[in-house]
Amino acid sequence: MSRAILSRLVVALLVLMAMIIGGILSQIAWPRSDANPMQVTQTPGFTLIPTNTLRPRPTTPPTSQPTLTPTRTLLPPPTFEPPTPTFAPTDTPLPTLSPTAITAEMIPGLYGLETPTPSSTPGCTPRKDWTLTYTVQANDALDLIAERYHTDRWELAAGNCLRDPNVITVGQVLRVPGQSHPQEQIECVPWQVLTPMDYAYGIDGNGTLTFTWIGPRAPRNLIRVYNTNGETVWEDVVDLRQNYSLNLPVDLPGAGTYTWKVFPLDLSFRQINCLEGGPWTFHKTAAG
């Protein structure tokens with residue numbers, strides 16, 4: 001067979017195959033552009049095998065789980081109490097022949113003695129010729145009151161029908177002699193230290209140290225000695241004078257630097273309206 005005949009047969013086969021394919025394609029119904037893409041039109045002559053369509057499961061809104069929300073617990077308000085003031089301990093004073101009750105309300109660390117409940121003499125009448133009255137103050141003593149009104153404790157006790165002259169109480173009203181209450185003449189003069197001089201050094205601890213000063217002319221004076229920590233190591237009260245002699249081996253045996261002050265007091269051992277004197281400093285050797 002010649003080459004020309006073969007070429008014609010090939011062309012004819014290609015045309016026939018194209019016609020067959022075209023006829024098949026013309027039988028298929030293609031979906032329109034506005035049709036639902038999920039719908040499929042079955043072409044006659046063809047059997048479409050249904051496929052399992054995975055439909056989305058309905059979603060259920062998540063159930064909100066209860067959360068443990070902490071709540072604020074209100075604590076009770078703090079309580080505040082002011083601290084109780086504590087005072088530096090003082091050395092025990094040496095016994096004297098005439099002990100006195102020392103107190104000064106304005107001076108910290110100085111205390112007096114409490115007085116028990118008084119008892120009167122039955123059937124006694126207080127003196128009516130004593131027209132002045134005096135109210136007993138804290139840390140008063142009958143001797144001090146009698147001295148102020150120029151009498152003695154026994155006459156004052158008899159005039160007020162007191163069974164025991166050593167027993168009076170704060171707030172008690174006593175009759176006192178006189179036409180008027182005595183006035184305490186106190187002048188706040190400037191302070192001057194005479195002995196020992198301020199910053200005196202090398203004082204012999206085996207001798208006697210005399211405190212001498214010039215200050216307010218008060219009925220009483222309290223002398224107080226402090227160590228370097230500000231603690232009271234010695235104190236005493238003198239009446240109507242501005243000097244005091246200290247036995248160093250007994251009263252202040254330790255060596256070191258000390259300061260001292262003088263507090264002017266009234267007859268009731270209360271600080272008067274004058275500033276205290278000092279502090280003044282001195283240094284002493286140890287008692288040997």
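A few remarks follow.
- Residue exposure sequence - Asp239, Asp143 - by fewest surrounding Cβ within 10 Å: Asp239, Asp143
- Inter-probe distance in nm under a simple model that places probes 7 Å from Cα toward Cβ, at Leu6 and Asp204: 15.8
- If R0 is 35 Å, the Cβ-Cβ spacing of Ile214 and Arg163 corresponds to a FRET efficiency of close to 0.20.
- Taking other C-beta atoms within 10 Å as the exposure proxy, Thr232, Thr131 rank Thr131, Thr232 from fewest upward.
- Full-stretch length increase - Thr125, Asp152 - with 0.36 nm per residue and alpha-carbon distance subtracted: 7.8 nm
- Computed over region 192-284, the ratio Rg/Rh where both radii use C-alpha atoms and Rh is Kirkwood: 0.95
Bear in mind these aren't lab numbers, they're just calculated from the coordinates by the rules spelled out. Small disclaimer: the values here were computed from a predicted structure and weren't measured. Note that each Cβ is placed from the backbone with ideal geometry, even for glycine, and that neighbours are counted across all protein chains shown.
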